[in-house]
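Heads up: the structure comes next, in structure tokens.
The values are calculated or read from the model by the stated rules, or taken from the named source; none is laboratory data. Computed from a prediction, not measured in an experiment: that's the story for all the values here. Glycine also receives a Cβ, built like all others from the backbone with ideal geometry; neighbour counts cover every protein chain displayed.
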Amino acid sequence: METFNKTAVPFRVALGLGQGIDIGLSKGIIYQIGEEKATTMKELQKMYIGAGSTEMYVRIATKRYNDDDTYHARIHNLETSLEYCRVAAALDQPINPEIMCAHTYMDASIQQAPDFRDYPEISKPDKEWSEYSLEEMCSVLEQYGELVAREVLATGCRVEYWNLGNEANYGFAGVNLGLKTAVNPKLCRLDSHIEMERVDMEHVDVYFFKENIWKYNGQMMASLAKGIKKAHPGAKFGSHIAGLFDAPTSVAYFKTLLENGVELSQAGISIYPTMNLAEIYHDYIGIMKKVIRAIVDECGLPVFVAEYGYPSRIMGGFAWNQPVKGYELTAEGQARFTADFIAWLKEYGGSGIRPWAPDLLGWDPGWEPMSLFSYDGQTKIASAKPVIECFK
């Protein structure tokens with residue numbers, strides 16, 4: 001396959017508001033970069049633009065309304081997510097909506113099916129999602145894609161890429177490893193909890209995943225994209241996986257989507273260089289670089305790092321504390337690794353990077369080492385770390 005022209009792909013710097021940032025702001029946190037301060041979502045995103053941001057991001061679940069205080073329901077519902085779109089519209093900055101097609105949340109380790117009970121305007125069978133046929137799922141996903149795209153665009157925001165799913169290695173929209181589904185009944189008999197640190201990325205049964213999950217997911221994503229294009233005819237799409245597979249498996253994933261009708265403009269991958277896999281595979285970041293180059297060369301797609309973080313000190317709850325050789329877990333090491341990684345991406349077909357949850361600290365101290373700010377609990381000021389300079 002002839003690859004794209006690497007020099008013609010603009011590098012995306014998706015430095016944007018972490019979802020749930022309104023929780024931190026409501027607690028009085030003041031964000032500061034240099035002499036500039038922010039106490040609102042709009043002010044903070046404006047500071048990010050000054051630091052090099054080229055786009056925002058929002059993750060959207062199928063839960064429609066902000067009427068549930070549980071964490072993921074509170075921050076990923078459509079009603080709340082549209083507020084991010086309004087900030088993007090006010091600042092005339094593109095936004096990348098991620099249409100998860102999960103009720104409140106999913107990632108590589110948490111499988112959750114969609115729930116469309118909040119959408120009476122969608123024509124759907126009167127039965128549980130797990131009982132839907134593939135054809136019935138695709139019909140509903142197409143309707144939902146059009147509906148959610150119209151809601152997003154009605155805020156006045158600009159969308160350059162729509163992301164389909166979130167870390168969809170093990171499934172999408174209810175056809176997932178470990179979930180009950182009439183599309184493939186055998187999936188519910190398999191373990192639904194993937195322990196990331198135990199994934200043997202060199203021995204994944206690629207044929208099993210292609211034939212039992214990914215080929216169905218591809219048709220489902222294609223239907224979702226078809227609906228989005230009814231509202232946004234020029235829409236471009238990406239999808240992303242977590243950095244848990246080796247190069248051949250990652251290539252097989254994206255090729256399967258392409259073979260089943262998904263019109264991808266970009267491939268994506270989450271990369272946390274110090275995660276637990278780095279303890280098992282001593283050159284984990286080297287493996288991830290091979291993955292990126294293989295997708296670029298064999299799928300002909302630029303690769304967007306859809307989630308990224310390098311801690312500035314030892315982490316607590318996450319315990320992703322395996323430093324890359326030569327880059328200590330300090331603020332200086334965080335900045336040096338990030339700068340070097342961005343330079344590598346630009347040279348080898350990476351199309352952009354998204355620092356994950358750059359501002360979630362203070363009220364979420366477990367993530368603070370990965371964030372781009374240091375928090376002073378007495379003054380409530382979150383001051384930018386040196387890493388903020390890497391994105392300009």
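For the condition among the acidic types (Asp, Glu) and part of a helix (DSSP H, G or I), what is the one hit in GLU328, GLU279?
Numbers: GLU328 fails: part of a helix (DSSP H, G or I).
Testing whether each residue is among the acidic types (Asp, Glu) and part of a helix (DSSP H, G or I) leaves just GLU279.
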(message) Consider segment 260-285. How many of its residues are more than 17 Å from ALA108 (Cβ to Cβ), in contact with a helix residue (DSSP H, G or I) (Cβ under 7 Å, 6 or more places away or on another chain) and in contact (Cβ under 8 Å) with a residue 40 or more places away in the chain?
(response) 4
(request) Return only the number of the condition from (1) in a helix (DSSP H, G or I); (2) closer than 30 Å to GLY234 by Cα; (3) aliphatic (A, V, I, L, M) that ALA267 does not satisfy. (result) (1)
(request) Exactly one condition in (1) modelled with pLDDT under 95; (2) part of a helix (DSSP H, G or I) is not met by SER250; state its number. (result) (1)
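Mind counting the residues in segment 136-156 that are over 24 Å from the mean Cα position of the chain (by Cα) and either crowded, with 18+ Cβ neighbours inside 10 Å or farther than 18 Å from LYS180 by Cβ (or both)?
From segment 136-156, those over 24 Å from the mean Cα position of the chain (by Cα) are 136, 139; that's our starting set.
From what's left, either crowded, with 18+ Cβ neighbours inside 10 Å or farther than 18 Å from LYS180 by Cβ (or both): 139.
Looking only at that region, the number is 1.
What is the residue count in segment 338-392 for residues that are over 15 Å from LYS37 (Cα atoms) and not in a loop (DSSP other than H, G, I, E, B)?
Kept after step one, since they are over 15 Å from LYS37 (Cα atoms), are these residues of segment 338-392: 338-358, 360-371, 377-378, 386-387, 389-392.
With the extra rule that they be not in a loop (DSSP other than H, G, I, E, B), the set shrinks to 338-347, 350-355, 365-370, 386-387, 389-391.
Number satisfying all stated conditions: 27.
Filter segment 157-187 for residues that are without any contact (Cβ under 8 Å) to a residue 40 or more places away in the chain and either in contact with a helix residue (DSSP H, G or I) (Cβ under 8 Å, 6 or more places away or on another chain) or part of a loop (DSSP other than H, G, I, E, B) (or both); which is surrounded by the fewest Cβ atoms within 10 Å (Cβ to Cβ)? Steps first, answer last, please.
At the first step, the residues of segment 157-187 found to be without any contact (Cβ under 8 Å) to a residue 40 or more places away in the chain are 184-187.
Keeping just the survivors that are either in contact with a helix residue (DSSP H, G or I) (Cβ under 8 Å, 6 or more places away or on another chain) or part of a loop (DSSP other than H, G, I, E, B) (or both) gives 184, 186-187.
Numbers: ASN184: 17, LYS186: 9, LEU187: 22.
Only one residue fits best here, namely LYS186.
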(message) Please go through (1) modelled with pLDDT under 95; (2) more than 29 Å from ASP118 (Cβ to Cβ); (3) not in a helix (DSSP H, G or I) for THR54 and return the number of the only condition it doesn't satisfy.
(response) (1)
(message) So TRP367 passes all but one of these: (1) among the hydrophobic types (A, V, I, L, M, F, W, C); (2) modelled with pLDDT of 95 or more; (3) closer than 24 Å to TYR281 by Cα. Which condition number does it fail?
(response) (2)
